[in-house]
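The values are calculated or read from the model by the stated rules, or taken from the named source; none is laboratory data. Since the model is a prediction, treat every value here as computed from it, not as a measurement. Quick reminder, even Gly has a Cβ in these numbers, built from the backbone with ideal geometry, and neighbours come from all protein chains shown.
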Amino acid sequence: RWAYVDGVFVPFASAAVPLEDRGLEFSESLYEVVAVINGKPFRLADHVERMLQGARELGLQEGVPPLARWQHVVADLWARERFDSAILYAQLTGGTAAREHLPGQRKKPLFFAYLRPFTFPAPSLIAQGIAAVTVPEMRWQRRDIKTTMLLPAVLAKQQARQKGAQEAIFVGQDGYVNEGASSNVCVVRSGVVASPPPGERLLEGVTLKAVSELCAELGLPFHRRWVSLSDLKGADEVFIASTTTLIMPVVRLDGQLVGGGKPGPITLRLAYHFQKLFT
Ligand code: PDD
C-alpha cells in the first residue's frame, strides 16, 4: 500500500508524521473523506473546496493542493492499489514547529492522503435501516470546520454502540438537532424533506448537497429549517447522510421506532437514486 505525504508517494507502512506535528499536538488540522469507486472520486471538487474554506479559517490555505493535484493523487494511488471501492483519506496539518501554542517560527503545512479499501452499505442494509441515539452537543462552536478534533464524536459513538445503535445525533442545549457524530441528519414530514440550516452549528456535507440536488430532480421539496428533538422523534421518516453511510434510514431513535420501524418510501427512493449517482 501507498501514501502521498508532503508531495511524494511513499510506502504506507513507512509513512510517518513528526512528533511535533501541530495536527498531532494541537489538532491544528483538517481532513476529508472522499468515496472512490473504481478509481473515480465522488464530488472531489466539493471536498477540496470545503478543505480550502476550513484552511482559510486556520491560516493554512497555502497548504491545500489545487484540485488538479488531488485528481492526480487519487489517480496515482488508485493505479497502485486498484481497490474496487475505497475512501480517500486526506489531512492537512499545521506542520512541524517547536511545541508552543503560537510557534515563533512555523513550518509549512503538511498534507497527506491515502486510499483505504472500504465497503459501502449494501442495498440490503439500507433496506433495513439503523438505530441512532441522541446525545447532548459537546463539541466546540465551529462545527462547520472539518477539523480532526474528533474526541466528542468518538465518545458519542461509544455511547451509541453501548445502546446497540450505529450513530449518535447531537442535540443542542436549545433542544434543536445539529447533526450526527459523522453524518448530517434529515427528517421527512408530509412529503417534505428537511435538514437543519447551514451555519456554524454543523458541517455542510457533500452528501447532503447531493441529497438536495436529488430532491430537486425528483420533485421533492427540500427545506433547511430547525428541527427540534420532538420534531425528530415524531417525523414520518429520518435518515442520515454521509460519505461512508450514503443515505441511511434511521428506524429506531433512543429505543423508539421511527415511522413504524421500517425505512420510509421517500428515504428509500432517495437512497436508490443516490446509489445510482454514486456507482
Ligand atoms: N464524516 N457531519 C459530520 C460531523 C461529519 O463528520 C460528516 C462526515 C458529515 C457528512 O459529510 P460528507 O457528506 O461530506 O461526508 C457531516 C466523515 C465521513 C468521517 O468523519 O468519517
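Being buried (at least 19 other Cβ atoms within 10 Å of the Cβ), away from the ligand (no atom under 16 Å from the Cβ) and of a type in the set (Ser, Thr, Tyr) is the filter here, so list the residues in segment 1-35 that pass it.
Within segment 1-35, just Tyr4 meets the criteria.
Would you please name the residue that is nearest to the ligand (Cβ to nearest atom), looking only at residues in segment 145-169 that are in contact with a Ser or Thr (Cβ under 8 Å, 6 or more places away or on another chain) and within 28 Å of Leu270 (Cα to Cα)?
Quick first cut of segment 145-169, residues in contact with a Ser or Thr (Cβ under 8 Å, 6 or more places away or on another chain) only: 147-149, 153, 157, 167-169.
With within 28 Å of Leu270 (Cα to Cα) added as a condition, the list becomes 153, 157, 167-169.
Values: Ala153: 6, Lys157: 10, Glu167: 10, Ala168: 10, Ile169: 11 Å.
Filtering first and then ranking leaves Ala153.
What pairs come up if the first residue lies in segment 134-163 and is within 26 Å of Ala55 (Cα to Cα), the second is of a type in the set (Val, Ile, Thr) and modelled with pLDDT under 95, and their beta carbons are under 9 Å apart, counting only those six or more places apart or on different chains?
Partner pairs satisfying both residue conditions: none exist.
Let me confirm something: among Gly205, Gly199, Gly172, which residue is under 22 Å from the mean Cα position of the chain (by Cα), within 16 Å of the ligand (Cβ to nearest atom) and touching a residue at least 40 places away in the same chain (Cβ under 8 Å)?
Answer to the check: Gly199.
Looking at segment 208-243 only, could you name the residues that are within 13 Å of the ligand (Cβ to nearest atom), β-branched (Val, Ile, Thr) and over 16 Å from Ala127 (Cα atoms)?
Scanning segment 208-243 gives Val211, Thr243.
Which of (1) surrounded by fewer than 23 Cβ atoms within 10 Å (Cβ to Cβ); (2) within 11 Å of the ligand (Cβ to nearest atom); (3) not aliphatic (A, V, I, L, M) does Glu179 not meet, given it meets every other one?
Result: Glu179 passes all but (1).
Name the residue that is farthest from the ligand (Cβ to nearest atom), counting only residues in segment 36-52 that are in contact (Cβ under 8 Å) with a residue 12 or more places away in the chain and surrounded by fewer than 16 Cβ atoms within 10 Å (Cβ to Cβ).
Applying the filter and picking the extreme gives Asn38.
So, in segment 115-139, exactly how many residues are exposed (fewer than 14 other Cβ atoms within 10 Å of the Cβ), farther than 22 Å from Ile169 by Cα and not aliphatic (A, V, I, L, M)?
4
Quick one: which of Leu257, Leu208, Leu218 is surrounded by 15 or more Cβ atoms within 10 Å (Cβ to Cβ) and at pLDDT 95 or above? It would help to see each step written out before you state the result.
Values: Leu257 fails: surrounded by 15 or more Cβ atoms within 10 Å (Cβ to Cβ); Leu218 fails: surrounded by 15 or more Cβ atoms within 10 Å (Cβ to Cβ).
The conditions single out Leu208.
Going by the structure shown, is Glu213 of a type in the set (D, E, K, R) and either surrounded by fewer than 16 Cβ atoms within 10 Å (Cβ to Cβ) or not assigned by TED's automatic domain parsing to the domain that holds Ala156 (or both)?
Yes; evaluated as a whole, the condition is true for this residue.
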